[in-house]
Every structure is written in structure tokens, then in C-alpha cells.
Amino acid sequence: MTAVRDAWLTLLALVLLLPAVAGAKDPTVSAVPTVETFGTLPDGREVHRYTLAVPGGWRATVTDYGAILTGFVVPPREGSGGRAVDVVLGFDTLAGYVAKHPYFGAICGRVSNRIAGGRFTLDGRDYRLATNNGPNHLHGGTVGFDRKLWRATPRLSDRGPAVDLELVSPDGDEGYPGRLTARVTYTLVPGGELLVDMTATSDAPTVVNLVQHAYWNLAGHGSGTIADHELVVHADRYLPVDATSIPTGSFEAVAGTPFDYRPERQPRGRVAEALGKLPPGAAPGDPRGIDHGYVVRGWEPDGRPRPAAVLRDPASGRALEVFSDQPGVQVYMGNFLDGTLVGKEGAVYGPNAGICLETQTHPDSVHHPDWPSQRLEPGGTYRHAMRLVFTP
Ligand code: BGC
């Protein structure tokens, strides 16, 4: 009798253990991210690409060059018979990212977006930065954080597979004061969430504004334009800009303008509504879509996450909700993509092939002492937490 019971117990244990044993060999189960060589920089340094995978087919790929999110694969909805889709614009090879491109998937810094005239004053001292966007400074300068090799450490965190990236930006780097250490962690949470946690510390007063600059297209990175996508921006006010895309200084109501993507709108606004128009306050000669900062509704400097934006592809039902603890979100509809860049799988990225939803402090804040500050003190820590929640 005991022998029979033991045999049953052994069988039961085997049945219970089998999935775990099989799972250990299944690359789609949460584990420490895998690493592969992505290429070699002109100076000989090796660049890596990390793959974060969780059950169900969710996958994020990240490279240590520019801390770039090179891909994000959303699996088909269960039972839909659909296909997995990569929803991030980018390149198959390192060469694509080393060549000129508009910050695909990158972490931009030290100060993302624009600084008017490439100059600012801190504690009575004037600083001059590269003017790499007309008369202004954009996304950290000529060699911004998007063009640096970060030090990466893959691990399995308690939330899911993660990659920690660290970059030391020396004192005087691109004209900025202070030796700044930037840290970014990408974590893929089972069920379809991507966490992007950004921090920075400095040994002297400086300014910082890191953004995650992924271009999203929920129909697939090479599927055409995002014109049909539904968009929600949790903001009642936006920042009008001058002809060089510098905020004029006022926060204007979105009501009654093409900038109105408030969550109350029924049906939801479509990206297409803003395309081909010259919204009031937009830069003349830039009629291709929105490229403006918004003031996140209800923001307080309490570090709490708040909804910033929602993007949805009505054809597939795929959706992305963006939460962050930042006071603003730059909505950039891929206006300047012109079809000259050939991306992953031979995709040609034309105007509005993707949309950036960049949570951050307001552009050109260094010239607006009454806006939430970009200033970082030695001993303090800059924090920016982004949570991207996907619906397959
Ligand atoms: C800016 C755009 C710029 C784009 C690519 C966005 O964050 O708002 O004006 O063209 O980045 O450089």
C-alpha cells in the first residue's frame, strides 16, 4: 500500500515540477536578460543589446549605446489569432544608431528638449552650450547622452527582468557644470508594463532633464502613420512656442484648439486632427503636427505617478498608458520624419510614422524661475519615474 502511495506521490511531484523545469528552458519566462554583441563603435568599444522577456511573449530590447530602447514586442491578445508586433521605431544594427537619426528610443540628456540660445545662468555664472537646433540647444548637445556608451548591468529584479545603465558625464561635458552620474533602469513587468526609472546626482549645482524618447506606433513600427491612433493627453494647458520652438512663457488652455486631447473627450481625439494644421501658437512653417509641451493635470512635486497620456490603435485595440511623476509631457508627432531613414526590417519612416510621449520638466525651464526647476544640487537626487502600461 505504502509503495503504491509513494509511487502516486512521486508522479504527482513530477507533474507539479515539470512546468517549472520546462520553464527554466523557456526563453519567454522571466529571467536575467540575455546579452548579445550589438556592434563595435568606431573607437573599438563593444556595444551590447539586452533582451528582457516575460511570459506571454512580451519582449523589450535595450542597448547600452544611448540607453536606447531598440524594440518593444507586444504579443497578440489571447485567442485573437493576431500576431506579435514591435511598436518602437528603430534600427536593426548599431550603425543605424551611430548615424544621424532623431533620437530613436534614446535617453536624452543632460537637458532634453531646448534651451533658448544655448545659454543659461546658474549662481551668477553664464554657461554656453552647443546650438545644435537652429539658434537653440537641443537634447543635450552635439554628443548627448543618446550618443554615449552607458555601463549596463542586467539582473532579475523583484518586478521582472531589468537592465541598470549608468553614465558619468564629466564636469564641463557639452558645457554643463558638475560631474553628473545618470542612472536609468528599464524593467519589464510581467503582464506588459515597462518601467523606466531615471535618477541623477552631481558633485556641483547643475541642471538636468532626462527623457525617454521612444517613437511609438501601436500598429507596428513599420505600419505607416499614427494618424488613426486615438490620443489622450491629461492636460488642460499647453505651452505655445515661437518660430524656433521655444515656449513663449505662457500656459494656454487647450479647450477649443487642436491641442485638445483631454480625457473627457468622447469620442477620443485622433492624432489626425492635429496633422496638416497650424495650431495657434505652433511654429510657422511647421504645420505637420503637434510638437509641444503640456502641463500635466494635477501635478504636484510629491513624486507620485500621474497619468500623462494614452495612445490607442483602434484597429487592433492595442493601447499604451503613460504615467510619470513629471510636471510636463512633450507630445511630438514625428513631424520631421521624412522617409529618408530606413529602419528595422527595411521599414521606411515617413512623416508621423511614430509619436513620442516624453514626460519631463517644461522645455527651456532654465529661463523660467517660476516653473518646476531643472536644478540639481550636490547631495540631492534628480528622480524621474515613467510607467508604460500596455494592453495587447
Ligand atoms: C522635439 C522635436 C524634435 C525631436 C527630434 C522632440 O523631442 O520636441 O522638436 O524634432 O525631438 O529631435
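The values are calculated or read from the model by the stated rules, or taken from the named source; none is laboratory data. Being a predicted model, the structure only gives us computed values, none of them experimental. Here the Cβ positions follow ideal geometry from the backbone for every residue, glycine too, while neighbour counts run over all protein chains shown. These accessible areas exclude ligands, DNA and RNA; they are computed on the full protein's heavy atoms, side chains included. Shrake-Rupley method; radii C 1.70, N 1.55, O 1.52, S 1.80 Å.
The one condition from (1) out of contact with any strand residue (DSSP E or B) (no Cβ under 7 Å at 6 or more places or on another chain); (2) at pLDDT 95 or above; (3) over 23 Å from Pro161 (Cα atoms) that Leu41 does not meet is (1).
Taking the conditions (1) open to solvent by less than 20 Å² (accessible area, probe 1.4 Å); (2) more than 14 Å from the ligand (Cβ to nearest atom) in turn, Gly334 satisfies each one other than (2). Can you report the number of residues in the range 241-265 which are at pLDDT 95 or above and more than 23 Å from the chain's Cα centre (by Cα)? Of the residues in that region, 10 qualify.
Whether any residue in the range 35-58 is open to solvent by 10 Å² or more (accessible area, probe 1.4 Å), under 15 Å from the mean Cα position of the chain (by Cα) and more than 16 Å from the ligand (Cβ to nearest atom) is what I want to check.
no
To keep it simple, each residue is scored yes or no on (1) within 27 Å of Gly249 (Cβ to Cβ); (2) of a type in the set (A, V, I, L, M); (3) at pLDDT 95 or above.
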residue	(1), (2), (3)
Arg297	yes, no, yes
Gly303	yes, no, yes
Leu320	no, yes, yes
Glu345	no, no, yes
Gly350	no, no, no
Met386	yes, yes, yes
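Set side by side, the residues Arg387, Arg383 differ, and just one is closer than 26 Å to Ala204 by Cα, open to solvent by 40 Å² or more (accessible area, probe 1.4 Å) and not aromatic (Phe, Trp, Tyr), which is Arg383.
Could you list, in sequence order, the residues of the range 312-325 that are within 16 Å of the ligand (Cβ to nearest atom) and either open to solvent by 10 Å² or more (accessible area, probe 1.4 Å) or in contact with a helix residue (DSSP H, G or I) (Cβ under 9 Å, 6 or more places away or on another chain) (or both)?
Listed by number, the list is empty, since nothing qualifies.
The set of residues in the range 92-106 being closer than 21 Å to Asn352 by Cβ, more than 11 Å from the ligand (Cβ to nearest atom) and surrounded by fewer than 24 Cβ atoms within 10 Å (Cβ to Cβ) consists of Gly96 alone.
Here's a check for you: in the range 201-248, which residue that is of a type in the set (Val, Ile, Thr), crowded, with 24+ Cβ neighbours inside 10 Å and in contact with a Pro (Cβ under 9 Å, 6 or more places away or on another chain) is nearest to Leu138 (Cα to Cα)? Going through the qualifying residues, I end up with Thr206. Only a single criterion out of (1) modelled with pLDDT of 95 or more; (2) surrounded by fewer than 17 Cβ atoms within 10 Å (Cβ to Cβ); (3) of a type outside the set (Phe, Trp, Tyr) is not satisfied by Pro280, namely (1).
Residues are listed down the side, and each one gets a yes or a no for (1) more than 18 Å from Arg59 (Cβ to Cβ); (2) over 19 Å from the mean Cα position of the chain (by Cα); (3) at pLDDT 95 or above:
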residue: Pro177; (1), (2), (3): yes, yes, yes
residue: Thr185; (1), (2), (3): no, no, yes
residue: Val189; (1), (2), (3): no, no, yes
residue: Glu193; (1), (2), (3): no, no, yes
residue: Ala200; (1), (2), (3): yes, no, yes
residue: Thr206; (1), (2), (3): yes, yes, yes
residue: Leu218; (1), (2), (3): no, no, yes
residue: Glu230; (1), (2), (3): yes, no, yes
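I'd like the full set of residues that are away from the ligand (no atom under 16 Å from the Cβ), in contact (Cβ under 8 Å) with a residue 24 or more places away in the chain and either out of contact with any strand residue (DSSP E or B) (no Cβ under 9 Å at 6 or more places or on another chain) or in a helix (DSSP H, G or I) (or both), limited to the range 259-275. Result: Ala272, single match.
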